[in-house]
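Step one of this worksheet: look at the structure below.
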Amino acid sequence: MTKNIKPEISIVIPVYNEEAGLQDLFTRLMDALQKLNRSFEIILTNDGSVDKSYSILKNFHARYPMNVRIIDFLGNYGQHMAIIAAFERSKGDIIITLDADLQNPPEEIYKLLQKFDAGYDYVGSYRANRQDTFFRKYVSRLINWGREKITHIKMKDQGCMLRAYSRNIIEKIVESKEASTFIPALAFHFSQNPTEVEVRHDERAYGESKYSLYMLTRLNFDLITGFSLVPLQLFTLFGIVISGISGLFSLYMIGRRFYCGPELEGGFTLLTIVFFLLSVLILGVGLIGEYVGRIFQSVSNRPRYVIRSILEKN
Ligand code: UDP
Ligand code: MG
């Protein structure tokens, strides 16, 4: 009689080459969850790991078949797709995401639940003593500032995935079908009553970060182009101002041609201006490309990920 019984909490964890830490994660997570005295399920997505992660996940499922479900991706589709796939199959009223690398301590989950019980439908988190390099800390502060200015999304710390969402929000996220997305931002967008709590943040216990600087840059591009048209609009405004100025300048040059005759000097000044405008143009083409790319991906309507198999008992 376990069929269709809804757990109160769904824990969602993306896994990519985390063999070294998984065992430790399971032990601590099960411990923390059992202390909460609420029914729960754990959904882990294996995001195309090439190490032993999947066989460790299989064992975990074999040990707790009623509580643990495993989704096995055919390839590496990224952390956020791994989370979405788990969202689609989650059954809990409260859905909590967590990283597999133990940077988000499972022992902090209760803090999110307390906020939920107080009536919030989205509980974000920020890291108490962020264990990251100085460079990443500084860059992320700058990016946060820019994102808040351009989109309406307020988030103290976009790098912390220990977050809780209501079933309502998860359903909207699943409906969204966006090709590339940043889940906490999308959730904030759909939330009626969001809040944030401070959580502990540990150093990565095993392995190393799967995110390169390039991927972080991509993520932030997606964040901005996915939630705002302001960059395009700024670009148009800039175009209007520049064409105004160059219009006036041409008038001046024509007048000058009549009164002073042809002008030959100042060629380099002109080149500088032309180069500047050219670079702005290239930037603009790239920017339009970002949006066209997003449109292309959603129009082509391909499945965003392929699942090889699912291990579940209910
Ligand atoms: N992850 C994933 N697919 C990827 C990259 C990462 O599922 O392509 C998972 C990874 O296993 C971890 C989480 O996403 O559970 C966060 O990754 P990581 O710790 O490398 O990111 P960081 O903490 O450095 O931002
Ligand atoms: Mg990490």
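The values are calculated or read from the model by the stated rules, or taken from the named source; none is laboratory data. Model, not experiment: these values are computed from the prediction. All Cβ positions, even for glycine, are placed from backbone atoms using ideal geometry, and neighbour counts span all protein chains on display. Heavy atoms of the whole protein, side chains included, go into the accessibility calculation; ligands, DNA and RNA do not. Shrake-Rupley method; radii C 1.70, N 1.55, O 1.52, S 1.80 Å.
If you take the residues of the range 181-228 that are in contact with a Lys or Arg (Cβ under 7 Å, 6 or more places away or on another chain) and hydroxyl-bearing (Ser, Thr, Tyr), which of them is farthest from ligand 2 (Cβ to nearest atom)?
The selected residue is Thr225.
Please go through the range 188-226 and give me each residue that is more than 16 Å from the chain's Cα centre (by Cα) and of a type in the set (Lys, Arg), ordered by number.
Residues satisfying the conditions are Arg200, Arg204.
Sort out which residues of the range 4-18 are within 16 Å of ligand 2 (Cβ to nearest atom) and either out of contact with any Leu (no Cβ under 9 Å at 6 or more places or on another chain) or under 14 Å from Asn67 (Cα atoms) (or both), and write them in order of number. Show your work before the answer.
First, pick out the residues of the range 4-18 that are within 16 Å of ligand 2 (Cβ to nearest atom): 12-18.
Within the range 4-18, Val12, Ile13, Tyr16, Asn17 qualify.
Could you tell me which numbered condition Gly119 fails, if it satisfies all but one of (1) among the small types (Gly, Ala, Ser); (2) within 15 Å of ligand 1 (Cβ to nearest atom); (3) surrounded by fewer than 17 Cβ atoms within 10 Å (Cβ to Cβ)?
Against the list (1) among the small types (Gly, Ala, Ser); (2) within 15 Å of ligand 1 (Cβ to nearest atom); (3) surrounded by fewer than 17 Cβ atoms within 10 Å (Cβ to Cβ), Gly119 comes up short only on (2).
Please go through the range 66-98 and give me each residue that is open to solvent by 30 Å² or more (accessible area, probe 1.4 Å) and under 16 Å from Ser10 (Cβ atoms), ordered by number. It would help to see each step written out before you state the result.
Within the range 66-98, the subset open to solvent by 30 Å² or more (accessible area, probe 1.4 Å) is 66-67, 74, 76-77, 79, 88-89, 91, 93.
Result: Met66, Asn67, Glu88, Arg89, Lys91, Asp93.
Enumerate the pairs (first residue in the range 240-265 and at negative phi; second residue anywhere and in a helix (DSSP H, G or I)) with beta-carbon separation below 8 Å, excluding pairs fewer than 6 apart on the same chain, so at least 6 apart or on different chains.
Ile242/Leu277; Ile242/Val280; Glu263/Met253; Glu263/Arg256; Glu263/Arg257
So which residues in the range 122-151 are open to solvent by 70 Å² or more (accessible area, probe 1.4 Å) and β-branched (Val, Ile, Thr)?
Thr133
Please specify each residue of the range 213-270 satisfying the condition of being farther than 30 Å from Gly78 by Cβ, of a type in the set (Val, Ile, Thr) and open to solvent by less than 50 Å² (accessible area, probe 1.4 Å).
Of all residues in the range 213-270, those farther than 30 Å from Gly78 by Cβ come to 236-270.
Restricting the remaining residues to those that are of a type in the set (Val, Ile, Thr) gives 236, 240-242, 245, 254, 269.
Selection gives Ile242 alone.
Show the residue pairs meeting these rules: Cβ distance below 9 Å; 6+ apart or different chains; first residue within the range 88-113 and within 22 Å of Lys177 (Cα to Cα); second residue within 16 Å of ligand 2 (Cβ to nearest atom) and assigned to a helix (DSSP H, G or I).
Thr97/Ile83; Thr97/Ile183; Thr97/Pro184; Leu98/Leu25; Leu98/Leu29; Leu98/Pro106
What are the residues in the range 275-312 that are under 22 Å from Arg218 (Cβ atoms) and of a type in the set (Ser, Thr, Tyr), if any?
Ser279, Tyr291, Ser298, Ser300, Tyr305
Within the range 285-298, track down each residue that is β-branched (Val, Ile, Thr) and either more than 12 Å from Glu178 (Cβ to Cβ) or touching a Pro at 6+ places or on another chain (Cβ under 6 Å) (or both). Walk me through how you get there before you give the answer.
Our first condition is that a residue be β-branched (Val, Ile, Thr); within the range 285-298, this holds for 285, 288, 292, 295.
Passing the criteria: Val285, Ile288, Val292.
I'm trying to understand the selection: among the residues of the range 1-27, which are open to solvent by less than 60 Å² (accessible area, probe 1.4 Å), assigned to a helix (DSSP H, G or I) and in contact with an Asp or Glu (Cβ under 7 Å, 6 or more places away or on another chain)?
Gly21
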